[in-house]
Amino acid sequence: NWLSAPLYVKKPSPIHGYGLFATRFIEAGTYIGKYDGRVIARTRLQRELRYHPAVKKSTSPYLLELKDEIGYKVVDGSYSDMRFINDYRNTGEPQNVEYHKCGAVKTIRDVYTGTEFLGDYREEYWRK
């Protein structure tokens with residue numbers, strides 16, 4: 001059954017390292033996965049996260065700030081498939097997925113079979 005087939009496959013990317021590629025046509029607004037992992041920090045205010053000792057000490061390149069029930073958290077997505085979504089900048093291709101504050105990753109436009117999922121790492125990522 002094609003509906004139970006995975007939405008993506010991880011394979012080498014012409015952009016960087018590995019990427020996630022659509023295994024079939026996927027409509028805009030489709031949930032493709034969750035960027036999740038081990039919680040390494042929690043704070044009530046988002047601006048406090050970057051100063052948290054565990055965040056400052058971490059060497060993982062896969063940290064993501066997420067909203068949770070009582071404030072904000074940073075997760076280490078080292079084991080999440082969603083870590084293979086590359087940034088759209090300098091690719092000539094449009095962003096086609098977005099990260100939601102809860103960690104959900106959804107398509108923001110139709111994605112065709114074989115197309116790489118591309119997100120927005122935001123300016124803060126590139127300033128590190």
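The values are calculated or read from the model by the stated rules, or taken from the named source; none is laboratory data. The structure displayed is predicted, hence computed values, not measured ones. Using ideal geometry, Cβ is built from the backbone for each residue, glycine included, and neighbour counts are taken over all protein chains shown. Protein only, heavy atoms only, side chains kept; ligands, DNA and RNA dropped before computing areas. Shrake-Rupley method; radii C 1.70, N 1.55, O 1.52, S 1.80 Å.
The figures follow:
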| item | result |
| --- | --- |
| Subset of region 22-43 that is within 26 Å of Pro12 (Cβ to Cβ) and not in a loop (DSSP other than H, G, I, E, B) - its residue that is most open to solvent (accessible area, probe 1.4 Å) | Tyr31 |
| Residue count for region 102-114, restricted to those that are under 14 Å from Tyr35 (Cα atoms) and open to solvent by less than 50 Å² (accessible area, probe 1.4 Å) | 4 |
| Qualifying residue in region 115-125 (condition: closer than 20 Å to Ile40 by Cβ, within 12 Å of the chain's Cα centre (by Cα), open to solvent by less than 60 Å² (accessible area, probe 1.4 Å) and at pLDDT below 95) | yes |
| Criterion violated by Tyr99 - all others in (1) exposed (fewer than 13 other Cβ atoms within 10 Å of the Cβ); (2) aromatic (Phe, Trp, Tyr); (3) within 11 Å of the chain's Cα centre (by Cα) satisfied | (1) |
| Leading residue by the ranking (nearest to Ile108 (Cα to Cα)) among those in region 74-90 that are in a loop (DSSP other than H, G, I, E, B) and open to solvent by 40 Å² or more (accessible area, probe 1.4 Å) | Tyr88 |
| Positions within region 44-73 being open to solvent by less than 20 Å² (accessible area, probe 1.4 Å) and either part of a loop (DSSP other than H, G, I, E, B) or over 30 Å from Pro14 (Cβ atoms) (or both), in sequence order | Leu49, Asp68, Gly71 |
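Residues checked against (1) within 22 Å of Gly33 (Cα to Cα); (2) touching a residue at least 24 places away in the same chain (Cβ under 8 Å); (3) not aromatic (Phe, Trp, Tyr):
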position: Ala54; (1), (2), (3): no, no, yes
position: Leu63; (1), (2), (3): yes, no, yes
position: Arg83; (1), (2), (3): yes, yes, yes
position: Glu93; (1), (2), (3): yes, yes, yes
